[in-house]
Amino acid sequence: MARPIVGIIGNAYLLNDEYPVHAGGTMNSSAIADVSDGMPLIVPSDPKHVSVTELLEVCDGFLFTGGRPNVHPEEYGEEETEAHGTFDRERDSIALPLVRALVERGQPFLGVCRGFQEVNVAMGGSLHPEIRDLPGRDNHRMPPDGTLEEKFALRHEVTFTNGGPFAKLMGNHKVMTNTLHGQGIKKPGERVVIDGWAPDGTPEAVYIEDAPGFTMSVQWHPEWNADQDPVSRALFTAFGEALRAWAQRPRLKRSA
């Protein structure tokens, strides 16, 4: 049987500050191929190249990756400030309507870091531009120095709702995760259920209430060491099962 095709929503940036590229990160592709058992397909997230309608038919599911650019605050009704950082409006214009379409269709997706934030904004939620500036909150950003292993090291607990979908999936209501983000959820979007929190109260895990498909999203980066870390492996394995269930549907139903 052919592997399900997973669209990896990537980022646009300048290589060597001059050559424009679209990229998704090899850790994301490896997690999809090695743990979810899907075929990774990096998506150029730009409406000049792809449309949401085409993507829904080409791919069985999607991974909304992390990335340095943030969702533009206009998408949740706020003005741009220096604290909001840099943006990728082309990715916004593909990712946000794509999330809404996937929720409606029941087509599986997994959101990671910026992808987690995109899911919240797509459903009508808002974001804090800088978590570390909030009273009582910790600095969740990636350490500026050190090796990749040190930057992606497990740094804090995430506590899930007892009996919730994340606790059931992990077999535990507390897990250790890395943390490499600056922004975070301010107001949850419609039907966005926060199911996991960092010790300082920052939302770390969400799903969409009453959605017919797989809608789990996390604020940390599970693609790191995904085939070895038990938390990452559980998440990408469950995503793979949802992908295969969707891919095995009759084509007519998938196009509905």
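The values are calculated or read from the model by the stated rules, or taken from the named source; none is laboratory data. This one's a predicted model, so the numbers in the text were calculated from it and none came from an experiment. We place every Cβ from the backbone using ideal geometry, glycine too, and count neighbours over all the protein chains shown.
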Would you check if G67 is touching a helix residue (DSSP H, G or I) at 6+ places or on another chain (Cβ under 6 Å), crowded, with 18+ Cβ neighbours inside 10 Å, over 19 Å from H181 (Cβ atoms) and in contact (Cβ under 8 Å) with a residue 40 or more places away in the chain?
no
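Which one is farthest from Q117 (Cα to Cα), of the residues in the stretch 130-185 that are among the hydrophobic types (A, V, I, L, M, F, W, C) and in contact with a Leu (Cβ under 6 Å, 6 or more places away or on another chain)?
Of all residues in the stretch 130-185, those among the hydrophobic types (A, V, I, L, M, F, W, C) come to 131, 134, 142, 148, 152-154, 158, 160, 166-167, 169-170, 175-176, 180, 185.
This time we only want the ones that are in contact with a Leu (Cβ under 6 Å, 6 or more places away or on another chain), so: 142, 176.
Values: M142: 17, M176: 20 Å.
So the residue we want is M176.
Tally the residues that are of a type in the set (K, R) and either crowded, with 20+ Cβ neighbours inside 10 Å or touching a residue at least 24 places away in the same chain (Cβ under 8 Å) (or both), restricting the search to the stretch 77-105.
Our first condition is that a residue be of a type in the set (K, R); within the stretch 77-105, this holds for 89, 91, 100, 105.
When the remaining residues are screened for being either crowded, with 20+ Cβ neighbours inside 10 Å or touching a residue at least 24 places away in the same chain (Cβ under 8 Å) (or both), the result is 91, 105.
Looking only at that region, the number is 2.
So is L110 free of Cβ contacts under 8 Å to residues at least 60 places away in the same chain and touching a helix residue (DSSP H, G or I) at 6+ places or on another chain (Cβ under 7 Å) or not? Lay out the reasoning, then the answer.
Numbers: free of Cβ contacts under 8 Å to residues at least 60 places away in the same chain: no; touching a helix residue (DSSP H, G or I) at 6+ places or on another chain (Cβ under 7 Å): yes.
It is false that L110 is free of Cβ contacts under 8 Å to residues at least 60 places away in the same chain and touching a helix residue (DSSP H, G or I) at 6+ places or on another chain (Cβ under 7 Å).
Listed here are the residues, each with its yes/no results for (1) in contact (Cβ under 8 Å) with a residue 24 or more places away in the chain; (2) of a type in the set (D, E, K, R).
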site	(1), (2)
D17	no, yes
V21	no, no
A31	yes, no
D37	yes, yes
P40	yes, no
E57	yes, yes
E75	yes, yes
Selection count, the stretch 200-210, where residues are surrounded by fewer than 17 Cβ atoms within 10 Å (Cβ to Cβ) and more than 17 Å from H128 (Cα to Cα)
2
Within the stretch 162-179, restricting attention to residues that are surrounded by fewer than 16 Cβ atoms within 10 Å (Cβ to Cβ) and in contact with a strand residue (DSSP E or B) (Cβ under 7 Å, 6 or more places away or on another chain), which residue is nearest to P143 (Cα to Cα)?
M176
Number of the exception - V193 against (1) among the β-branched types (V, I, T); (2) touching a Ser or Thr at 6+ places or on another chain (Cβ under 9 Å); (3) buried (at least 21 other Cβ atoms within 10 Å of the Cβ):
(3)
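Working carefully through the options A226, A205, A256, A247, find the one that is small (G, A, S), within 22 Å of L56 (Cα to Cα) and modelled with pLDDT of 95 or more. Full working, then the answer.
Details: A226 fails: within 22 Å of L56 (Cα to Cα); A205 fails: within 22 Å of L56 (Cα to Cα); A256 fails: modelled with pLDDT of 95 or more.
Of the residues listed, the single one that is small (G, A, S), within 22 Å of L56 (Cα to Cα) and modelled with pLDDT of 95 or more is A247.
Which residues, counting only those in the stretch 29-64, are of a type outside the set (F, W, Y), touching an Asp or Glu at 6+ places or on another chain (Cβ under 8 Å) and under 19 Å from L98 (Cα atoms)?
Within the stretch 29-64, the first condition is being of a type outside the set (F, W, Y), and the residues that meet it are 29-61, 63.
Right, trim to touching an Asp or Glu at 6+ places or on another chain (Cβ under 8 Å) and you get 30-31, 34-35, 38, 45-48.
Passing the criteria: S45, D46, P47, K48.
From V58, V50, V43, grab the single residue that is surrounded by fewer than 16 Cβ atoms within 10 Å (Cβ to Cβ) and hydrophobic (A, V, I, L, M, F, W, C). Spell out how you get there, then give the answer.
Working: V50 fails: surrounded by fewer than 16 Cβ atoms within 10 Å (Cβ to Cβ); V43 fails: surrounded by fewer than 16 Cβ atoms within 10 Å (Cβ to Cβ).
V58 is the lone residue from the list that is surrounded by fewer than 16 Cβ atoms within 10 Å (Cβ to Cβ) and hydrophobic (A, V, I, L, M, F, W, C).
If I ask for residues that are of a type outside the set (D, E, K, R) and not in a loop (DSSP other than H, G, I, E, B), which ones from the stretch 137-169 would you list?
Filtering the stretch 137-169 down to residues of a type outside the set (D, E, K, R) leaves 139-140, 142-144, 146-148, 152-154, 156, 158-167, 169.
Within the stretch 137-169, L148, H156, V158, T159, F160, P165, F166, A167, L169 meet the criteria.
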